[in-house]
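Enquirer: Dropping the structure in here first, questions after.
The values are calculated or read from the model by the stated rules, or taken from the named source; none is laboratory data. Keep in mind that what you see is a predicted model, and the values were worked out from it rather than measured. Ideal geometry is used to build each Cβ from the backbone, glycine not excepted, and the neighbour counts take in all protein chains shown.
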Amino acid sequence: MPQEYISYLPLAAVLIPLFSFLMITFALELVWWRNSWAIIGSTGTLAAVAMMYQQVSQGEAIIFRIPMIVTPYNFVFRVDEFGFLFALIIAFIWLAATIFALDYMNHEQNRGRFFAFFMLTLSGTVGVPLAGDLLTLLLFFEIMSLASYVLVVHTQTKEAFSAGNLYLYLGIFGGMCLLTGMGLFYYNAGTLAIAPQAALMEGLDGLYIAAAVLMVLGFGIKAGMVPLHIWLPRAHPVAPAPASALLSGLMIKTGAYGIIRVVSMIYTPDQASVPVESLAAGASALWEQVSGGGYILIWIGIATMFFGAAIALIQNNVKKLLACSSISQIGYIIMGAGVGAYMGFDGAMGIGGATYHIFNHAFFKSTLFLAAGAIVYLTGELDLRRMGNLKAKMPFTAVVVLIASLGIVGMPLFNGYASKTLLHHAIVEAYEYQHVYSLFIAEKIFTLTSAGTVCYFLKFLFLAFWRPAPENISEVKTEPLMMKIGMGVLALSMVLIGISPYFVLSKLVGPSLNAFSLDPYLLQYFLDINLFYLADLGAVALVLGLGAGLFFLFKRTNIFNLQIPYWLGIEFYGIQTGKLAVRLWGVITLPFIFIQKLFGKAFDRIYERVFSLLQGVDYRPGDSAIFRLINISNIEFDMILVLVALSIILAVAFYLRFGLTLFGMQ
Amino acid sequence: MEYLIYLPVFLILFPLAGALLSALIPEANDRLRNPFVVIITLISAAATVVTLYYFYHFGGWELLIHQITPGLEIKLRMEPFAALFAGTAGILWFFAVLYSTGYMAHEHNRRRYYIFYLLSLSMTMGIAMSANLLTLYLFYEFLTIFTFPLVIHEGNREAKAAGMRYIIYSFLGAGLILIGLILTFGNAGTLEFARGGVVDLATGSLLQWRVAFLCFIFGFGVKAAIMPLHAWLPSAMAAPTPVSALLHAVAVVKSGIFGIVRVMFSVFGITALIGLELGFFVAGLVSVTILVASIIAMQQDVLKRRLAYSTISQLGYITLGAGLFSLIGLTGGLLHIINHALLKITLFFCAGAIITVTGKKNISDLNGLGKQMPLTMAAFTVAAIGMIGIPPVNGFISKWYLIQGSLESGAIIFVAVLIGSALLNAAYFMPIVIAAFFKEGDFTKQKGPEAPLSMLIPILILVAGCLVLGTNLQLTVPFMHDIAEYLFYSGGN
């Protein structure tokens, strides 16, 4: 176990944005006030996270415990290298998005509310990787889920509400899945720590598997895993651009983070209790079961990436295209996590690739969403079919988008190249691990999906920036300064990451794998890997060529404007099921309603009879004033009489029972 | 400090005396009555706190009030579970009365209202601290009688029908309790509450014990609104909101729950309960209540009725916790007594504030209300999140313990029930929040406080309480665990 170092920093990282949230809510409409608090909140978080680097880089885990806050056990922050990397990305990109939002939000309503909940969401999101046990993680996860709802429905249009509802209810459903899974896990293992559990060494029983499935489901909803991705292409585009950037760039990553933590960390043998030499064989039962889960996860990942890319191809709304692309990219990450679990002790390449891709995708997807925001801000247009020649009108954005797109398609020397190559290595290794033929097919789908990615980004670049402008295009202004800074910072970091993959690998991604139970030899192999072998470059060239070919093919056949029928979507079946459930409920309750009506009528009759009977025996007060006062209809006065009598009796009884002793007379 | 042991008697008699004195204040003299009743309840609350403090430092004690015949006694006892109920009721009553002074300002018959409001407090205290079934039964009946005028307060046809329904259901339940009481007394020879129970299944026939147990469950189940017996609760929403809030979310329904838990653990005891083999019957019945009530709640458009069905569902959690016969489950149930009391009273107070300020009773009229009443709706949101059971609001923690309890008793199906109910809760609470904050409506920002301060302040204090209890579990969990252990294990008093 790494050494532990107690520090307030994780708490500070969470509380600073929370405090900003409270401050902003006090004066929602005061522009300088809310802007400065938003900046203070993001900068403070970044600073608090960055200050942890010293300890974390020395292999120490930062711990902070408060007993019985929110969880009945310990409210724990525990930051290891993996969590630190996450928190760092979140805090950094959040700051860039906040800077971008300062100018961007000028054309939106309810700005105060937006910035307030922007900060609250930051508090939740950054808390997820810092959390030290499952319940603490759940707390931040739920804060993030609920607070980001406000960002999703920000525009308050009908579309936003319908997307927001889906987001909210699926989010709550996911949260409840997590809660159940964690409850099951705690009941079985007796602990909530995010660490390999000695209790699992004997292999898993049904409850453990159920707990794992529920937790992966809960995190998977947030990650946009097929078939639970339906909220994502609707919710991400309706939010204002800075919020969509964070939803797509960071918040879905918390889902991936959770999946990796559960599958590759909690459900692995404990390095402390098993000697390193026998880790591979020492817990073969557990490894085998997790490996089966990993295989399923690989295929979920493959399906997610393929479907995401397929639906991205036919989108004409910029933000929808990017959201579908997010689904596709999260598929890569889930596949990496799956490979990690599938290969168990030898899974360094899978987890490492997934982590690296999380890191990269966070950068390029937030940049792309911010750029989409810039396009909306300046042209008021989201539909690709009505854009064109933006490279001349907004060159800065064009360059930023170009850098991000080259990254996402995996062009060598841009940031996506390293992680995609690693993930490609991972899937090839997974095939070679046991030569399961289906994984060979999976590798081919991987390549095809990568080509699809190239294809839809060519579409985006071509339609929006490169082709001559169509008629009656709306007028274009230039980007405000803050937006330029926000996008520029991210683009610059991407270039730097892209040209120094070995630095990132050895300083950020590599150390983050220390927390997992991995073969040290393979870990070293992963760290020393040469990314620029001819075979890898060839693979990229193939992908690029294939993508370009597909682009021309699709453009000719006009497949980009294809409309898929409504009944093909999962949502359609969800709605039909809902309608069916309502009808079923109506049928079930019908006899009850009937019985209720029958009894209701019968009882009414009985009441009436009994009452008229009682009224018959009621005395008539006559004309006397005293009798009129003491009447059953004068319930107030009668009650007082009864009470007075009662209290006299009670007082006497009390006096007889206690009074004598009380006043010392006995 | 010798005379402090008479505090339980004081807690019962003081509100009673206060009620009688407030009867002397003329109807129109609000300027005297409002401070008077607030001070009476404030002193009651303070006395409750002193009692709890004394109790936790010196342990429990009992007071014999009157002996009818040997074996039949009117007796009070301070012990952990009594402290829980008395503490919750005593403290929340103060906030409810404070709120009432604002809410009732424009209502009629305020004198009658306050008299019975205080009398109900007195009877609730009696229920909480009763030491045997007879005393419990006595105060329980009086509580029904004294809350009846509150239910029919409006005096219109609807209120009278609701009152009639209330009284018939309640007396039906009381009759069942009486049968159970007689059966118990006949077979066990005592009505005392004792740790680990007084019932020995070896004496008397199993059938009779089962009948007695079911009589108690259904008898108290009327007030606890177990599903076939719940109909009085939604119709009793015709009462003024503070009455609904306190009596139908906190005192009356919780007295039913209190009775069920008492009968289960202090009369029958865990050994006998397991011997009866009726645990899963009760838990199953309650599970149906939880789910069906939640589904019905979704179809209600009147805010208070929706809250009433939510109450029915949430009360099921507590009974479920007791019916699981596991220590952790019982801890969860007890936690939910406090947590639900706080959350539901907040929700009702918000509903009442909305009615007072805007006159809107239906959920479909609440679009955009967040502009006019941001604080009220924020409080409503927090309480709704707590109801769903999402951290960091206090509803989460009881749910966690209930899940653990269900697992401990080996019935995963109840976990599914709890989670399903949480999702349904989300489905009927979130639309209100969404409509209030994000939909466009004809509400605009007003000058000055959004609601009368006497209503707004209790709402804010209570919602802060929800958050504090939700984040600082040191305040509740250890105590509830002790109480659950006290109820669960046998031993001396």
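Enquirer: Given the conditions (1) assigned to a helix (DSSP H, G or I); (2) under 14 Å from A:Ala13 (Cα atoms); (3) of a type in the set (A, V, I, L, M), which single one is not true for A:Val76?
Expert: Against the list (1) assigned to a helix (DSSP H, G or I); (2) under 14 Å from A:Ala13 (Cα atoms); (3) of a type in the set (A, V, I, L, M), A:Val76 comes up short only on (1).
Enquirer: Looking only at segment B:319-344, how many residues end up being hydrophobic (A, V, I, L, M, F, W, C) and within 14 Å of B:Asn394 (Cβ to Cβ)?
Expert: Number of matching residues: 7.
Enquirer: Here's something else I'd like to know. Go through the residues of segment A:140-154 one by one and say whether even a single one is away from chain B (no Cβ under 13 Å), within 24 Å of B:Lys439 (Cβ to Cβ), touching a residue at least 40 places away in the same chain (Cβ under 8 Å) and part of a helix (DSSP H, G or I).
Expert: Looking through segment A:140-154, at least one residue is away from chain B (no Cβ under 13 Å), within 24 Å of B:Lys439 (Cβ to Cβ), touching a residue at least 40 places away in the same chain (Cβ under 8 Å) and part of a helix (DSSP H, G or I).
Enquirer: Can you tell which of B:Leu150, B:Leu172 is under 18 Å from B:Leu229 (Cα atoms) and within 13 Å of another protein chain (Cβ to nearest Cβ)?
Expert: B:Leu172
Enquirer: For segment B:324-378, give me each residue that is part of a loop (DSSP other than H, G, I, E, B) and under 28 Å from A:Arg113 (Cβ atoms).
Expert: Our first condition is that a residue be part of a loop (DSSP other than H, G, I, E, B); within segment B:324-378, this holds for B:324-326, B:359-361, B:366-368, B:373.
B:Gly359, B:Lys360, B:Lys361, B:Leu366, B:Asn367, B:Gly368, B:Met373 - these are the residues of segment B:324-378 that are part of a loop (DSSP other than H, G, I, E, B) and under 28 Å from A:Arg113 (Cβ atoms).
Enquirer: Name the single residue that is modelled with the lowest pLDDT among those in segment B:203-235 being among the small types (Gly, Ala, Ser) and more than 12 Å from B:Leu315 (Cβ to Cβ).
Expert: Only one residue tops the list, namely B:Gly204.
Enquirer: Please verify whether segment B:45-53 includes one or more residues that are farther than 22 Å from B:Gly259 by Cα, within 14 Å of chain A (Cβ to nearest Cβ) and surrounded by fewer than 22 Cβ atoms within 10 Å (Cβ to Cβ).
Expert: No, segment B:45-53 contains no residue that is farther than 22 Å from B:Gly259 by Cα, within 14 Å of chain A (Cβ to nearest Cβ) and surrounded by fewer than 22 Cβ atoms within 10 Å (Cβ to Cβ).
Enquirer: Please specify each residue of segment B:409-423 satisfying the condition of being in a helix (DSSP H, G or I), more than 10 Å from chain A (Cβ to nearest Cβ) and surrounded by fewer than 21 Cβ atoms within 10 Å (Cβ to Cβ).
Expert: B:Ile413
Enquirer: Now a separate question. Given the condition under 16 Å from the mean Cα position of the chain (by Cα), away from every other protein chain (no Cβ under 14 Å) and crowded, with 24+ Cβ neighbours inside 10 Å, answer yes or no: does some residue in segment B:355-377 qualify?
Expert: no
Enquirer: Here's another thing I want to ask about it. For A:Met68, are the conditions met, namely being buried (at least 17 other Cβ atoms within 10 Å of the Cβ), within 14 Å of chain B (Cβ to nearest Cβ) and free of Cβ contacts under 8 Å to residues at least 40 places away in the same chain?
Expert: Here the answer is yes, as A:Met68 does meet what is asked.
Enquirer: Within the set of pairs 6+ apart or on separate chains, which have a first residue in segment B:142-159 that is within 14 Å of B:Glu107 (Cα to Cα), a second that is among the charged types (D, E, K, R) and crowded, with 18+ Cβ neighbours inside 10 Å, and C-beta atoms under 8 Å apart?
Expert: Pairs found: B:His153/B:Arg112.
Enquirer: Residue under question is B:Met430, and the condition is that it be surrounded by fewer than 22 Cβ atoms within 10 Å (Cβ to Cβ) and of a type in the set (A, V, I, L, M); does it hold?
Expert: yes
Enquirer: On the given criteria, is A:Phe84 surrounded by fewer than 24 Cβ atoms within 10 Å (Cβ to Cβ), touching a residue at least 24 places away in the same chain (Cβ under 8 Å) and assigned to a helix (DSSP H, G or I)? Can you show your working first?
Expert: On the way: surrounded by fewer than 24 Cβ atoms within 10 Å (Cβ to Cβ): no; touching a residue at least 24 places away in the same chain (Cβ under 8 Å): yes; assigned to a helix (DSSP H, G or I): yes.
No, not satisfied.
Enquirer: Show the residue pairs that are 6+ apart or on different chains and have beta-carbon atoms under 7 Å apart, the first residue being within segment A:43-57 and farther than 23 Å from A:Met119 by Cα, the second being at pLDDT 90 or above and part of a helix (DSSP H, G or I).
Expert: As it stands, the answer is A:Val56/A:Phe84, since those pairs meet every condition given.
Enquirer: Let me ask something else about it. Please name all residue pairs, on different chains or six or more residues apart, with Cβ atoms under 7 Å, provided the first residue is in segment A:236-259 and is charged (D, E, K, R) and the second residue is modelled with pLDDT of 90 or more.
Expert: As it stands, the answer is A:Lys253/A:Ile358; A:Lys253/A:Ala362, since those pairs meet every condition given.
Enquirer: Among the listed residues A:Leu184, A:Leu179, identify the single one that is crowded, with 24+ Cβ neighbours inside 10 Å, more than 21 Å from the chain's Cα centre (by Cα) and at the interface with another protein chain (Cβ under 8 Å from one of its Cβ atoms).
Expert: A:Leu184
Enquirer: Moving on to the next point. Filter segment A:528-568 for residues that are farther than 14 Å from A:Ile314 by Cα and part of a loop (DSSP other than H, G, I, E, B) and give the result.
Expert: A:Asp528, A:Ile529, A:Asn530, A:Leu531, A:Phe532, A:Tyr533 - these are the residues of segment A:528-568 that are farther than 14 Å from A:Ile314 by Cα and part of a loop (DSSP other than H, G, I, E, B).
Enquirer: Scanning segment B:1-36 for residues that are touching a residue at least 40 places away in the same chain (Cβ under 8 Å) and more than 26 Å from B:Met78 (Cβ to Cβ), which turns out farthest from the other protein chains (Cβ to nearest Cβ)?
Expert: Only one residue tops the list, namely B:Asn34.
Enquirer: I'd like to know if segment A:73-83 contains one or more residues that are farther than 14 Å from A:Thr136 by Cβ, polar (S, T, N, Q) and either under 24 Å from the mean Cα position of the chain (by Cα) or in the same structural domain as A:Ser20 (by TED's automatic domain parsing) (or both).
Expert: no
Enquirer: Any residue in segment B:390-398 that is more than 8 Å from chain A (Cβ to nearest Cβ), out of contact with any Ser or Thr (no Cβ under 9 Å at 6 or more places or on another chain), part of a helix (DSSP H, G or I) and surrounded by 21 or more Cβ atoms within 10 Å (Cβ to Cβ)?
Expert: yes
Here's the yes/no breakdown for (1) in a loop (DSSP other than H, G, I, E, B); (2) of a type outside the set (A, V, I, L, M); (3) at the interface with chain A (Cβ under 10 Å from one of its Cβ atoms):
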site	(1), (2), (3)
B:Ile434	no, no, yes
B:Phe443	yes, yes, no
B:Ile457	no, no, no
B:Val468	no, no, no
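Enquirer: Only one of A:Lys222, A:Lys158 is of a type in the set (Lys, Arg) and within 12 Å of another protein chain (Cβ to nearest Cβ). Can you tell me which? So that I can check it myself, show each step before the final result.
Expert: On the way: A:Lys222 fails: within 12 Å of another protein chain (Cβ to nearest Cβ).
A:Lys158 is the lone residue from the list that is of a type in the set (Lys, Arg) and within 12 Å of another protein chain (Cβ to nearest Cβ).
Enquirer: Of these, A:Tyr502, A:Tyr525, A:Tyr521, which one is closer than 26 Å to A:Gln55 by Cβ, assigned to a helix (DSSP H, G or I) and of a type in the set (Ser, Thr, Tyr)?
Expert: Matching residue, one of A:Tyr502, A:Tyr525, A:Tyr521: A:Tyr502.
Enquirer: A:Phe219 - would you say it is buried (at least 23 other Cβ atoms within 10 Å of the Cβ), among the aromatic types (Phe, Trp, Tyr) and either more than 21 Å from A:Lys253 (Cα to Cα) or under 14 Å from the mean Cα position of the chain (by Cα) (or both)? Walk me through how you get there before you give the answer.
Expert: Details: buried (at least 23 other Cβ atoms within 10 Å of the Cβ): yes; among the aromatic types (Phe, Trp, Tyr): yes; either more than 21 Å from A:Lys253 (Cα to Cα) or under 14 Å from the mean Cα position of the chain (by Cα) (or both): yes.
Against the criterion (buried (at least 23 other Cβ atoms within 10 Å of the Cβ), among the aromatic types (Phe, Trp, Tyr) and either more than 21 Å from A:Lys253 (Cα to Cα) or under 14 Å from the mean Cα position of the chain (by Cα) (or both)), A:Phe219 qualifies.
Enquirer: For residues in segment A:187-219 being more than 14 Å from every other protein chain (Cβ to nearest Cβ) and assigned to a loop (DSSP other than H, G, I, E, B), which is nearest to A:Phe141 (Cα to Cα)?
Expert: My answer is A:Ile194.
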